[in-house]
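The values are calculated or read from the model by the stated rules, or taken from the named source; none is laboratory data. Because the structure is predicted, anything quoted here is derived from the model rather than measured. Reconstructed Cβ throughout: ideal geometry from the backbone, glycine too, with neighbour counts over all protein chains shown.
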Amino acid sequence: MNVTVELDERSYDVVVEADARHQLADLIKKGAPRAKNVALVTSPSLAAQAWFDVQSGRDQFVLTVPEGEAAKTLHSLEALLESLAQRRLSRDDVIVGVGGGAITDLAGFAAATYLRGVALVQIPTSLVGQVDAAIGGKTGVNLRAGKNLAGAFYQPLGVLCDTSVLTTLPERERKSGLGEVAKCWLLEGRGVDELSTTSLSSLIELSVRLKAGIVSDDEREGGARALLNYGHTLAHALEKLSLRDSPDALRHGEAVAIGLAFAVRLARALGRVGDDEVTTHDAVLEQLGLVTVLPAHFDTGEVMDAMGHDKKAHHDLSFVLAGSSGFSVVADVDESTVRDVLERFKGEL
Ligand code: GLY
């Protein structure tokens, strides 16, 4: 299945199918016909996978970056840019990100900045990457002050979501991806009943269609794209605080699942939705096997502080919240209400 992200002359397809990685050579032939060299950016563990047989049809080399979220640092970006320069990658050449969201974010940012921009293809190999991170052109790295604080909008030539590589995905990675799937499902206003009969590939397809449609209308997050941050105000805060312990203490999708359960409780506290919406959210998250408990070790004050510094917050506490006429970004939410809902949510064990 192909879904087009419509951005005039920068439009591109997101291919979702088994063995989609084998379409790389064709994509480069069409999108970057003058390319001589292709840099495949990945991690050591992914480069060792049996499916890592990606052929670009050009001279290609593999550059490895740290595993997981540890890839998304200015330090990794610098090392990657230096390697690209040492290999003399030229303006006509192509960078291919092969990996999860951290790798495609880093590879994308490198492509946006190396020689002021070279062609990019994304081959997301995690569920989070396939349903969200690799689509829509957001690239970047984390700073000590928070997630994704340095980056660029930079659209790829195409995205190849190869569903066959998901079979080797560790369970924790799969679950994490389902956090973003749950977000899309809930944003579409779907209930729990049809969820049990929907296959994983249909869930990926649904999420890709939702995201491609939104990005086509609002590439740079002036409006509707902000809705894709549903659950993310709390999620980013938890991820930032967890990064102090270890880069892998809390995966993005795990944090999003907690953020979704919190956001619907906040919407209820603000009188925007009733108990039925909370029940639906909980049922959807539970059906997908997601954990929505906010671990007790998070300090409420620190979480509040981190949410205030989220780059999406624009100096006040803002959240994507459900309401009687759908979802919207609600700015300047009363701090004591947020604190109160957070405390009660933490007690829900
Ligand atoms: N992950 C949200 C977005 O791409 O806009």
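Within the range 159-181, the set of residues being hydrophobic (A, V, I, L, M, F, W, C) and under 13 Å from the mean Cα position of the chain (by Cα) comprises Leu178, Val181. Evaluating Ala145 against the criteria (1) hydrophobic (A, V, I, L, M, F, W, C); (2) at pLDDT below 95; (3) crowded, with 20+ Cβ neighbours inside 10 Å leaves one unmet condition, (3). The residues in the range 182-192 that are touching a residue at least 24 places away in the same chain (Cβ under 8 Å) and outside any helix (DSSP H, G or I) can be counted, and the count is 4.
Residues that are buried (at least 24 other Cβ atoms within 10 Å of the Cβ), within 16 Å of the ligand (Cβ to nearest atom) and either under 22 Å from His252 (Cβ atoms) or at pLDDT below 95 (or both) are absent from the range 78-96 altogether.
The range 251-349 holds helices (runs of 4 or more DSSP H) entirely within its bounds, and those carrying 3 or more residues that are touching a His at 6+ places or on another chain (Cβ under 7 Å) and buried (at least 20 other Cβ atoms within 10 Å of the Cβ) map to 252-269. For Asn37, the criteria (1) within 15 Å of Gln122 (Cα to Cα); (2) out of contact with any helix residue (DSSP H, G or I) (no Cβ under 9 Å at 6 or more places or on another chain) hold in every case but one, which is (1). Does the range 214-224 contain any residue that is under 19 Å from Ala331 (Cα atoms), buried (at least 24 other Cβ atoms within 10 Å of the Cβ), among the small types (Gly, Ala, Ser) and modelled with pLDDT under 95? There is no residue in the range 214-224 that is under 19 Å from Ala331 (Cα atoms), buried (at least 24 other Cβ atoms within 10 Å of the Cβ), among the small types (Gly, Ala, Ser) and modelled with pLDDT under 95. Of all the residues in the range 215-246, those that are without any contact (Cβ under 8 Å) to a residue 60 or more places away in the chain and either within 10 Å of the ligand (Cβ to nearest atom) or assigned to a helix (DSSP H, G or I) (or both) number 6.
Note on the range 1-21: residues that are surrounded by fewer than 14 Cβ atoms within 10 Å (Cβ to Cβ), out of contact with any helix residue (DSSP H, G or I) (no Cβ under 6 Å at 6 or more places or on another chain) and not in a strand (DSSP E or B) total 4. Of all positions in the range 154-175, none carries a residue that is within 16 Å of the ligand (Cβ to nearest atom), under 16 Å from Lys138 (Cβ atoms) and surrounded by fewer than 18 Cβ atoms within 10 Å (Cβ to Cβ).
Of all the criteria given as (1) under 18 Å from Gly129 (Cβ atoms); (2) within 15 Å of the ligand (Cβ to nearest atom); (3) hydroxyl-bearing (Ser, Thr, Tyr), the one not satisfied by Ser201 is (2).
Okay, residues lined up against (1) among the small types (Gly, Ala, Ser); (2) free of Cβ contacts under 8 Å to residues at least 60 places away in the same chain; (3) in a helix (DSSP H, G or I):
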{"position": "Gly151", "(1), (2), (3)": "yes, yes, no"}
{"position": "Leu160", "(1), (2), (3)": "no, no, no"}
{"position": "Arg172", "(1), (2), (3)": "no, no, yes"}
{"position": "Glu194", "(1), (2), (3)": "no, yes, yes"}
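The set of residues from the range 281-291 being farther than 12 Å from Lys175 by Cβ and either small (Gly, Ala, Ser) or modelled with pLDDT under 90 (or both) comprises just one member, Ala283.
Scanning the range 126-141 for residues that are within 11 Å of the ligand (Cβ to nearest atom), more than 16 Å from Glu69 (Cα to Cα) and assigned to a helix (DSSP H, G or I) yields a single hit, Val131.
For the range 205-214, a tally of residues being within 15 Å of the ligand (Cβ to nearest atom) and under 20 Å from Gln287 (Cα atoms) returns 1.
Of all residue pairs spaced 6 or more apart or on separate chains, none has beta-carbon atoms under 9 Å together with a first member in the range 124-146 that is aromatic (Phe, Trp, Tyr) and a second member that is more than 13 Å from the ligand (Cβ to nearest atom) and modelled with pLDDT under 95.
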